[in-house]
Every structure is written in C-alpha cells, then in structure tokens.
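Each remark here refers to the structure printed beneath this line.
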Amino acid sequence: MWVFPLVAAVVAGIFAALLAKQYLQRRRSYQLLWAVALLMYAVASLAVAIGALNGWSRFSFEVYWVFGAVLNVPFLAAGELQLLIRNRTVEVVIDVVLIFLTAYAISVTRGAVYDAQALAQQLPSGKDVFGAGTPAHQLPQLISIPSYLILVGGACWSAWRMRGRPELRDRFYGTLLIAGGATLIAGFGSAFAALGNLPGFSIALLAGISVMFLGFLRASRPLPVPVPAVTPA
C-alpha cells in the first residue's frame, strides 16, 4: 500500500510546482498559498509511504499529522478566500492567521504525549497515538474541518458564478473537480484514517489529489479568443 501514497506525493509535488510557476509569473498571493498547501500534501503523503513501508516513527507520524491532517486544508481554504475577496487588508489578516495556526499546530503536536505502541499499527490514528480528546487529537476538528467547509463552499460559489457562461466552461468544470477531489480526501480519506484502514486511505489520497489536479489543469486552459464579427459589405 505504500505505492499509492508515494504516487500521490509525486502528483502533489508536480501540482505544487505548477502553482509556484504560476505565482512567479502572475504574483497572485492565493497561488502561493495553494503551492505551499500542495507541497505540504506531498510531504505528508511521502510520510505515509515511508510509514507503510518501514513502520512509523514519532517523527514520520508528526509530519503526516501536522502537514496532512491539520495544515494543508487551511492553506487551501485561505487561498480560496484570497481569490474570492482580493483585498490587501484581508490578505494580511489571513496570512497572520495562517502563521498563528501553523505555530500552534506544530507546538501542540511536538509537545504531545504519545503512545509508542500505537505507532506499530499499519496506519495509526490520532486518537490512539495522542489519546482521545487531547489537544493534539482535536487539531483536525478545530482547524481542518472548518477550513474544508470554507474551501468547498468557496469553490462551489465560484462555480455558481461561472455557470451558463460558455467561455468559462473549462473553469466551471475544473472548479467542480477541485471541490470533488477535496471531498474525496476530506470525506473518504478522513473516514479511512480514523478506522486505521491503510488501503482505503492510500487510495483516497491518490484519487483525491488526482481529481484536484485534473480540475486545476482543466481550469487553467486559456480562455477562448473571441472571434470578431464580420461586417457585411
């Protein structure tokens, strides 16, 4: 099962590189946030592959937990907010919130007491590793779930605004694919992770990021060039 998260890491890495290239060309802040989020996804997926292949260490689980279970969705959601609002003051506020969330998630995870025996599982759950109801275990509920709702809600709103416009058809369907991929990851992936089901979780990791990547490629197609009307002689 280590192959699926490894391929997911490669796909996410390519995705992040293309977003970073777009940022360097256009200097849109949301593209940078999305690139960081996808890089986090790649690192977390690589940690899952290593854990599945060689067994889990505290470090590999912390990398997976912080970058995969907690932080990458808030960065995606923050990028979605910046895309929709496009206000410099809002961008600064969002960046400050992200810095705080990142520091808080790393601090809580690094300082948590963990059960070393729980790491012997194929896919350890946060509940078993940190203990149910502990601050580290509750990080995804406090941070990732609200962020997921913002991400999917923002993507659906963007798609709604583009409906019925033939020139934006690629962006419309691409945005829906991105929302669908995020749902695969957050919905099925989280459910399999909570159950410690490594095969299901690994497939959800790859399927979700692949659908999101296809959506990005579809949405990034150039807009059709309007054909000038021919004036009758």
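The values are calculated or read from the model by the stated rules, or taken from the named source; none is laboratory data. Since the model is a prediction, treat every value here as computed from it, not as a measurement. When we count neighbours, we look across all protein chains shown, and the Cβ atoms used for this are built from the backbone with ideal geometry, even at glycine. Surface accessibility is based on the protein's heavy atoms, side chains included, excluding ligands, DNA and RNA. Shrake-Rupley method; radii C 1.70, N 1.55, O 1.52, S 1.80 Å.
Distance between the C-alpha centers of the stretch 93-163 and the stretch 70-91? Whole Å please.
If we compute the Cα centre of each part, the gap is 16 Å.
State which helices in the chain qualify, where a helix is a whole DSSP H run, it must extend 24 Å or more along its own axis by its Cα atoms, and its mean Kyte-Doolittle hydropathy must be at least 1.0.
Span-like helices, by this rule, are 3-26, 29-54, 88-111, 198-219.
Computing the accessible area with a 1.4 Å probe over protein heavy atoms, can you report the carbon and sulfur percentage for the chain?
On the chain, the fraction of accessible area on carbon and sulfur atoms equals 69 percent.
Obtain the radius of gyration and the Kirkwood radius of the stretch 38-135 from its C-alpha atoms and give Rg over Rh.
The Rg/Rh ratio comes out at 1.06.
So what is the 222 nm mean residue ellipticity for the chain from helices alone, if each DSSP H run of at least 4 adds -39500 (n - 2.57) and you divide by all residues, rounding to the nearest 500 deg cm²/dmol? Provide the component values of the computation, followed by the final result.
Working: 11 runs with 165 residues, N = 233.
Calculated from helices alone, the mean residue ellipticity at 222 nm is -23000 deg cm²/dmol.
Using the crude model of +1 on Lys and Arg Cβ and -1 on Asp and Glu Cβ, and no other charge, please compute the dipole size for the chain relative to its Cα centre, in debye to 20.
Computed about the Cα centre, the dipole is about 820 debye.
Relative contact order for the stretch 128-230: what is it in percent, counting Cα pairs under 8 Å that are at least 6 residues apart?
27 percent
Would you please report the Å³ per residue occupied by the convex hull of the alpha carbon atoms in the stretch 8-61?
Hull volume normalised by residue count: 59 Å³.
Given the options Ala35, Ala69, Ala112, which has the most mean-square fluctuation in a GNM of the chain, springs set between C-alpha atoms less than 10 angstrom apart?
Ala112
Compute the FRET efficiency between Arg161 and Asp115 as 1/(1 + (r/R0)^6), taking r as their Cβ-Cβ distance and R0 = 35 Å, and round to the nearest 0.05. Please report the intermediate quantities before stating the final value.
On the way: r = 47 Å, r/R0 = 1.36.
It comes out at approximately 0.15.
Under unit Cβ charges (Lys, Arg +1; Asp, Glu -1), what dipole magnitude, rounded to 20 debye, does the stretch 64-163 have relative to its Cα centre?
320 debye
Arrange the peptides 188-200, 155-167 so that the one whose residues have, on average, the most other Cβ atoms within 10 Å appears first.
Highest mean packing first, the order is 188-200, 155-167.
Within the stretch 57-82, what residues put their amide N at less than 18 Å from the label point 7 Å along the Cα-to-Cβ vector of Asp128?
57-66, 69
Please report Rg over Rh for the stretch 89-150, where both radii come from the alpha carbon positions and Rh follows the Kirkwood definition.
Working: Rg = 14.1 Å, Rh = 13.0 Å.
That ratio is 1.08, to two decimals.
If you project the alpha carbons of the chain onto their three principal axes, what span does each projection cover, largest first, in Å?
Between the extreme Cα coordinates on each principal axis of the chain lie 84, 38, 28 Å.
Can you compute the radius of gyration and Dmax for the stretch 123-222, using only the Cα atoms, both in Å?
16.1, 52
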